Amino acid sequence: MPNSFNKFANSFQATARLRLAGIRCLMKHLGNPQDSLRFVHVAGTNGKGSVCSFLQSIFTDAGYHTGKYTSPNLITVCERISVDGELISESEINNILKTVEIAAGKVKEETGDFPTQFEIWTAAAFCYFEAKKCDLVILETGLGGTHDATNIIKSPLASVIATIDIDHTEYLGDTIEKIAHEKAGIIKNPQTGSGLTISSIQHPDAEKVLQKVCSDRKNRLVFAGNPKIKDFENFHEIFDYTSTGGKVFDDVLCGITGSYQPKNAVIAIETALALGIDEKYIKSGISRTKNPGRFEIIHQNPTVIYDGAHNKNGMTALAESLCHYFPKWHGATFIMAFMGDKDICGELEILREAGLLLGSKIFAVKVKDNPRAAETAFVVEAAKKTGVDATPYSDLKNAYTDAIDAGKPVILCGSLYLYKDLDEVLKEI
């Protein structure tokens, strides 16, 4: 049974189950370890994974024993759970899953439903962070906020809302306002005094929702400002920032590559300042942060970039970075894979409008072993509707080697799930 349970826990979950009854029951049978932990809870459509990575680095530099829980993973599920940047080991997660399996069986007996994979991993993370006696946990939502399994926690030290945009409309609603309401579900009434919510600059409809929810739930709301970009070094941005409280940060080196990352970094800066962290630790933490799969430089000569852009907001950010770093654009080879529920035409249109498809080729591939993955023919047809041609490839390795041989920059994008397939290819060549 342990092997079959582990296989289930590690399998792909095509359909979300957004309700808290299952995780509440599961945590009850595990002794509610989350109640002994302190959290910074992070939601949003784009950038929340990077914000979480910035925050873990900052708090670790400041001397806090800092856990981090994020999803999805790129290569191994161990990536989801870390303490001070060190991933949980396979032996540790296997031991925890034995305990979670027993509790999951009790949930099935009590409710008739077996916990979802995301509930299992969330429970395992809480158990691990309690066992490691973490001072603080940076906790990323999986989907939405209100009914996400992570929202079982009590009032956090801070609720953090990264950029809100249209995505997962079948679960969260089809307008910015509806989606913002779901994301704002992580904002809670404080047990004492005033709560704290930090947000990126938002669409006006999202901003109104956050203001109303924070007012109703007695939270002080802080909107991060815009960083002033000064230069870049090997795709790492260097920026200045003046916080809402007047703290001045000069020449901050952004550890995660990509022109859009300073906007995520300043959310972490505002959160850390509000929680009393010294500026020197904030600056050092930002500079040493890593977050694979986000405008990651895979290879040089030619330049190969992997970016997990998987919706229109993410593709817009990717387009801005490419225009920023390649002002004399002569085309690239895009290797693209998508999930079937995405607006593929809309994402391709963003690249076309930015002029990035001029002189470029598109190689369409399919993410392996994923029931949501779009077929290459579907991507080719979407490209045709956008007015560009795409070449289907049944094998990522062939697409990659052909792209390298073309000699132009290679951009892999469209889905974070493609990262694991790329890792396997890179090990073969």
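For the stretch 336-345, filtered to residues that are assigned to a loop (DSSP other than H, G, I, E, B) and modelled with pLDDT of 95 or more, the residue that is surrounded by the most Cβ atoms within 10 Å (Cβ to Cβ) is PHE338.
Scanning the stretch 148-189 for residues that are in a loop (DSSP other than H, G, I, E, B) and at pLDDT below 95 turns up ILE164, ASP165, ILE166, ASP167, HIS168, GLY173, ASP174, THR175.
Of the residues making up the stretch 384-397, those that are in contact with a strand residue (DSSP E or B) (Cβ under 9 Å, 6 or more places away or on another chain) and modelled with pLDDT of 95 or more number 5.
Here is a yes/no grid of residues against (1) assigned to a loop (DSSP other than H, G, I, E, B); (2) among the charged types (D, E, K, R); (3) touching a residue at least 12 places away in the same chain (Cβ under 8 Å):
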site	(1), (2), (3)
ILE286	no, no, yes
ALA309	yes, no, yes
CYS323	no, no, yes
PHE334	no, no, yes
GLU347	no, yes, yes
LEU351	no, no, yes
LEU358	yes, no, yes
PHE363	no, no, yes
LYS384	no, yes, no
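Going through the stretch 75-96 one residue at a time, which ones are in contact (Cβ under 8 Å) with a residue 24 or more places away in the chain and either charged (D, E, K, R) or surrounded by fewer than 19 Cβ atoms within 10 Å (Cβ to Cβ) (or both)? Correct list: ILE75, ARG80, ASP84, GLY85, GLU92, ASN94.
Evaluate the stretch 129-138: report whether one residue or more is touching a Phe, Trp or Tyr at 6+ places or on another chain (Cβ under 8 Å) and surrounded by fewer than 18 Cβ atoms within 10 Å (Cβ to Cβ). Among the residues of the stretch 129-138, at least one is touching a Phe, Trp or Tyr at 6+ places or on another chain (Cβ under 8 Å) and surrounded by fewer than 18 Cβ atoms within 10 Å (Cβ to Cβ), which makes the answer yes. Take the conditions (1) closer than 28 Å to PHE235 by Cα; (2) touching a residue at least 24 places away in the same chain (Cβ under 8 Å); (3) in a helix (DSSP H, G or I); VAL379 misses just one of them, which is (1). A count restricted to the stretch 386-429 and to residues that are of a type in the set (Ser, Thr, Tyr), out of contact with any helix residue (DSSP H, G or I) (no Cβ under 6 Å at 6 or more places or on another chain) and part of a loop (DSSP other than H, G, I, E, B) stands at 3.
Rundown of residues vs (1) surrounded by 19 or more Cβ atoms within 10 Å (Cβ to Cβ); (2) more than 20 Å from the chain's Cα centre (by Cα); (3) more than 20 Å from ILE269 (Cα to Cα); (4) in the same structural domain as ILE277 (by TED's automatic domain parsing), yes/no style:
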| site | (1), (2), (3), (4) |
| --- | --- |
| THR163 | yes, no, no, yes |
| GLU177 | no, yes, yes, yes |
| HIS181 | yes, no, yes, yes |
| ILE198 | yes, no, no, yes |
| GLN202 | yes, no, no, yes |
| ASP216 | no, yes, yes, yes |
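Per the listing VAL51, VAL42, VAL107, the residue uniquely assigned to a strand (DSSP E or B) and either in contact with a Gly (Cβ under 7 Å, 6 or more places away or on another chain) or modelled with pLDDT of 95 or more (or both) is VAL42.
Of all residues in the stretch 288-307 being in contact with a Phe, Trp or Tyr (Cβ under 6 Å, 6 or more places away or on another chain) and either assigned to a loop (DSSP other than H, G, I, E, B) or at pLDDT below 95 (or both), which is nearest to CYS254 (Cα to Cα)? Per the stated criteria, the residue is THR289. Scanning the stretch 54-97 for residues that are closer than 26 Å to PHE8 by Cα and part of a loop (DSSP other than H, G, I, E, B) yields THR70, SER71, PRO72, ASN73, LEU74, ILE75, THR76, ILE88, SER89.
May I ask you to list the residues in the stretch 110-133 that are polar (S, T, N, Q) and either outside the structural domain of GLU79 (by TED's automatic domain parsing) or outside any loop (DSSP other than H, G, I, E, B) (or both)? Across the stretch 110-133, the qualifying residues are THR111, GLN117, THR122.
The values are calculated or read from the model by the stated rules, or taken from the named source; none is laboratory data. Remember, it's a predicted structure, so these values are computed and weren't measured experimentally. Note: ideal-geometry Cβ built from the backbone for every residue, glycine included; neighbour counts use all protein chains shown.
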